[in-house]
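First comes the structure, then the notes that go with it.
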Amino acid sequence: MRKVVSVLFTTVDGVVESPEQWQFGWDDEMAALLAGSLERCDTVLLGRATYQMWAGYWPNYTGGDDAAFADWINNAPKHVVSSTLDNVDEWQNSTLIKGDPADAIKQLKEGEGKDISVSGSPGLVASLVAQDLLDELTLLINPVVAGGGRKKLFASDAALKKLALVSAEPTSTGAIIATYRPAS
């Protein structure tokens, strides 16, 4: 069975919104992690906001440091979870999940292929954790406190969910790559 996995940038205080404003370091360990996730996944889950932002950017990206990711994300099948979009025709290989997202995600997990990556989409990640649909969560915890006024991964009233630490690795820029799975 395929796994649903997510890699998110976060701060020590749990902020996930606008990493371009607080992520000051990039290192070889982060690059290796992200390259590895491209190799182990062949399908993408996106929330509405990330889809709309990325559909206007990645299809037009040419060359540069992110060329491998652009090629991967543009060619991968993308499944968009949204209750407000009418279509996702703007970006090739995109399918709008209609009906119950949990049922659609369970069907994706039972299908053929590599793992399924939840790219960006912190609201979707939190929802998948709450519904026991996320199999692995990797956090790149940046050594910074972003402060108030920004979206955190989990709301202050989120239900208790126990996770098991699979691995934790400090990076050369002082970040920590921590991987969790649901606790048994």
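Projected onto its three principal axes, the C-alpha set of region 49-120 covers 38, 28, 18 Å, listed from the longest axis down. Our coupling estimate for region 54-68, obtained by passing each phi through the Karplus curve with A = 6.51, B = -1.76, C = 1.60 and θ = phi - 60°, is 6, 5, x, 10, 5, x, 9, 7, 9, x, x, 5, 9, 4, 5 Hz, Gly and Pro reported as x. Go through (1) 14.8, 44; (2) 16.3, 53; (3) 16.0, 44 and flag the label whose value is the computed Rg and Dmax of the Cα atoms in Å for this structure. Correct label, based on the coordinates given: (3).
How far is the Cα center of region 21-36 from the Cα center of region 56-89, in Å? After rounding, the separation between the Cα centres reads 20 Å. By the count of other C-beta atoms within 10 Å, a proxy for reagent exposure, GLU17, GLU169 are ordered fewest to most as GLU169, GLU17.
Applying the Karplus relation 6.51 cos²θ - 1.76 cosθ + 1.60 with θ = phi - 60° to region 70-84 yields 3J(HN,Hα) values of 4, 4, 5, 5, 6, 8, 6, x, 10, 10, 10, 9, 7, 9, 10 Hz, where x marks Gly and Pro.
Only Cα pairs under 8 Å and 6+ residues apart enter the sum, and on that basis the relative contact order of region 4-182 stands at 35 percent. Residues whose amide H lies under 5 Å from that of THR11, counting only those 5 or more places away or on a different chain, are ASN142; hydrogens are built 1.01 Å from N in the peptide plane. Using only DSSP helix segments of four residues or longer, with each worth -39500 (n - 2.57), what per-residue ellipticity at 222 nm results for the chain after dividing by its residue count and rounding to 500? After summing the helix terms and dividing by residue count, I get -8000 deg cm²/dmol. Residue pairs exceeding 26 angstrom between C-alpha atoms, taken from LYS78/LYS152; LYS106/LYS161; LYS78/LYS162; LYS98/LYS162; LYS109/LYS151: LYS78/LYS162; LYS98/LYS162; LYS109/LYS151.
We did not get these values from a lab; they are worked out from the coordinates using the rules stated. Since the model is a prediction, treat every value here as computed from it, not as a measurement. We place every Cβ from the backbone using ideal geometry, glycine too, and count neighbours over all the protein chains shown.
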